[in-house]
Amino acid sequence: MKKIGFLSFGHWSDELASQTRSAQDVLLQSIELAVAAEEQGADGAYFRVHHYARQLASPFPLLAAVGARTKRIEIGTAVIDMRYENPLYMAEDAGAADLIAQGRLQLGISRGSPEQVIEGWRYFGYSPAEGESDADMARRHAEVFLNVIEGHGFARPNPRPMFPNPPGLLRIEPHSPGLRQRIWWGAASNDTARWAAQLGMHLQSSTLKTDENGKPFHIQQAEQIRAYREAWAAAGHERESRVSVSRSIFPLLDDRDRMYFGRGGKEADQIGFIEETRSIFGRGYTAEPDRLIEELREDEAIAEADTLLLTVPNQLGVDYNAHVIEAILKHVAPALGWR
């Protein structure tokens with residue numbers, strides 16, 4: 001059994017074929033797609049965060065709105081770029097959104113990917129410390145965030161406050177109990193996956209990974225997941241870990257599906273370089289359900305993961321994306337034992 005959710009990058013453009021022509025379109029349609037996915041029985045609504053781009057950026061207003069409109073579905077990110085975040089302000093936002101959603105937030109955080117702007121985090125007021133890389137800064141921000149959402153007091157109270165204080169040191173408010181156990185790290189390498197396990201974060205592994213041995217993407221990703229779980233066990237955490245992978249999967253059921261995706265696309269792994277690091281990009285899956293089932297059965301990383309995030313073409317609109325999610329839930333997932 002797997003949890004199955006969708007992952008939206010939240011693109012918008014003024015191209016004629018786009019049904020998301022503005023940021024408002026994307027935000028409102030993201031809420032509606034989460035509602036539709038919950039009604040269909042999906043398990044999660046996840047959103048990507050990109051700055052300086054015509055895509056979703058500030059996640060917490062959206063997460064809070066989705067939380068207010070839904071009752072069961074998990075609500076998350078994949079991922080928030082921690083180079084851009086004030087960990088304490090983020091803790092307040094995350095606590096508030098999780099309380100509105102009644103404890104359904106699943107926050108994916110990470111070092112992030114290359115952005116539209118050179119060192120864009122500097123414009124947000126953040127710079128690596130001396131001898132620190134931007135990735136180190138992201139991990140430092142993440143560790144501060146993890147510490148403060150534990151709910152322990154750390155701030156010395158004013159002896160003459162405007163409002164009465166509880167005794168002792170003060171913590172970030174609002175505090176949402178249990179949120180610390182629902183933080184995920186988006187890892188591109190095996191080492192960062194192990195680091196996430198040591199800190200008790202769940203693992204998000206996307207369709208992009210550092211190419212560490214030249215093997216096919218899904219095999220490298222499965223190896224990463226196993227390395228993560230070994231590190232989790234070695235750390236002695238008492239709770240269960242979770243692992244998600246994301247995939248582009250499109251069953252061809254009708255003429256509309258064949259019009260959009262019938263010519264195929266990225267059905268093979270691709271190799272590229274990101275900031276001089278050789279990286280491997282995982283393939284997508286597009287076929288009639290019977291063939292799709294056989295192809296997905298061979299994906300070792302999906303087999304290892306407990307959560308599958310379906311990347312959706314959000315610019316095609318809520319109705320079509322709801323159709324894609326429903327097609328996978330009804331025509332693909334049961335045959336693979338995911339439902």
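The values are calculated or read from the model by the stated rules, or taken from the named source; none is laboratory data. The structure presented is a predicted model; accordingly, all values stated were derived computationally and were not measured. Neighbour counts run over all protein chains shown; Cβ positions are idealised from the backbone, glycine included. For accessibility, only protein heavy atoms count, side chains too; no ligands or nucleic acids. Shrake-Rupley method; radii C 1.70, N 1.55, O 1.52, S 1.80 Å.
Mind running the shape call on the range 7-93? Use the C-alpha gyration tensor, a ≥ b ≥ c as the square roots of the eigenvalues: rounded below 1.5 for a/c, prolate if a/b tops b/c, oblate otherwise. Can you show the working numbers first?
Details: a/c = 2.06, a/b = 1.06, b/c = 1.95.
Oblate.
Mind putting a number on the dipole of the chain about its Cα centre? Charges go on the C-beta only, +1 for Lys and Arg and -1 for Asp and Glu, and I need it in Debye to the nearest 20.
Working: 37 positive and 47 negative charges, 150 e Å.
Result for the chain is approximately 720 debye, rounded to the nearest 20.
May I ask for the angle, rounded to the nearest 10°, between helix 318-331 and the longest principal axis of the chain, with both axes built from Cα atoms and the value confined to 0 to 90°?
Between helix and principal axis, roughly 70 degrees.
For the range 76-215, calculate the relative contact order in percent as a whole number, restricting contacts to Cα pairs under 8 Å that are 6 or more residues apart.
Working: 201 pairs, mean separation 39.4, N = 140.
Dividing the mean separation by the residue count of the range 76-215 yields 28 percent.
Leaving out ligands, DNA and RNA but keeping every protein chain, what accessible area does residue 278 have, in Å² rounded to the nearest 10, with a 1.4 Å probe?
110
Taking 8 Å as the Cα distance limit and 6 or more residues as the minimum spacing, I'd like the relative contact order of the range 269-339 as a percentage. List each step's numbers first, then the result.
On the way: 38 pairs, mean separation 15.9, N = 71.
Computed value for the range 269-339: 22 percent relative contact order.
For the range 60-123, with every protein chain kept in place, what is the accessible area per residue (1.4 Å probe, Å²)?
Details: 2520 Å² over 64 residues.
Accessible area per residue: 39 Å².
Can you give me the Kirkwood hydrodynamic radius for the range 89-218, using every pair of distinct Cα atoms, in Å to one decimal? Mind dumping the intermediate values first?
Details: mean 1/r = 0.0588 Å⁻¹.
Taking the inverse mean of 1/r over all distinct Cα pairs, the range 89-218 comes out at 17.0 Å.
Whenever you get a sec, compute what percent of the accessible area on the chain sits on carbon and sulfur atoms (1.4 Å probe).
51
Rounded to the nearest 20 debye, what is the charge dipole size of the range 1-144 about its Cα centre when +1 sits on each Lys and Arg Cβ and -1 on each Asp and Glu Cβ?
Working: 14 positive and 20 negative charges, 80 e Å.
Rounded to the nearest 20 debye, it is 380 debye.
Please report the relative contact order for the range 170-302, taking Cα pairs under 8 Å with a sequence separation of at least 6, and give it as a percent rounded to a whole number.
Numbers: 202 pairs, mean separation 32.5, N = 133.
That works out to 24 percent.
To the nearest 10 degrees, how steeply does helix 217-235 sit against the main Cα axis of the chain, on a 0 to 90 scale?
For 217-235 against the chain, the angle is about 30 degrees.
From the protein chains alone at 1.4 Å, what is the descending order of accessible area for 294, 74, 326, largest first? All intermediate terms of the calculation are to be shown ahead of the outcome.
Details: 294 100, 74 25, 326 65 Å².
Solvent-accessible surface, decreasing: 294, 326, 74.
At 222 nm, what value in deg cm²/dmol follows for the chain if DSSP H runs of at least 4 each add -39500 (n - 2.57) and the sum is divided by all its residues, to the nearest 500? Write out the running numbers ahead of the final one.
Values: 10 runs with 121 residues, N = 339.
Rounded to the nearest 500, it is -11000 deg cm²/dmol.
So what's Rg/Rh here for the range 147-294, counting alpha carbon atoms and using the Kirkwood radius for Rh? Please list the in-between numbers first.
Numbers: Rg = 22.1 Å, Rh = 18.8 Å.
So for the range 147-294, dividing Rg by the Kirkwood Rh gives 1.17.
Roughly speaking, what is the stretch gain from residue 147 to residue 189, that is 0.36 nm per residue apart minus the C-alpha to C-alpha distance, in nm to one decimal? Walk me through the numbers on the way to the answer.
On the way: separation 42, 0.36 × 42 = 15.12 nm, distance 2.37 nm.
This chain segment gains 12.8 nm when fully extended.
In the chain, with Lys and Arg counted as +1 and Asp and Glu as -1 at Cβ, which of these residues, 161, 82, 128, has the Cα nearest the positive end of the dipole, that is, farthest along it?
Among 161, 82, 128, the one farthest towards the positive end of the dipole of the chain is 161.
Quote the FRET efficiency, to the nearest 0.05, computed for residue 233 versus residue 32 with a Förster distance R0 of 41 Å and r equal to the Cβ-Cβ distance.
Numbers: r = 41 Å, r/R0 = 0.99.
It comes out at approximately 0.50.
Rounding to the nearest 20 debye, state how big the charge dipole of the range 120-257 is about its Cα centre with +1 on each Lys and Arg Cβ and -1 on each Asp and Glu Cβ. The partial results should precede the final answer.
Numbers: 17 positive and 17 negative charges, 101 e Å.
Approximately 480 debye in magnitude.
State, to one decimal in nm, how far the label point of residue 263 lies from the label point of residue 198, with both points 7 Å from Cα in the Cβ direction.
4.8
With every protein chain kept in place and ligands, DNA and RNA left out, what is the accessible area per residue of the range 231-294? Probe 1.4 Å, answer in Å².
Values: 3820 Å² over 64 residues.
Per-residue value: 60 Å².
Taking Cα atoms, how many degrees apart are the long axis of helix 87-100 and the longest axis of the chain, rounded to 10 and kept between 0 and 90?
Rounded to the nearest ten degrees, it is 60.
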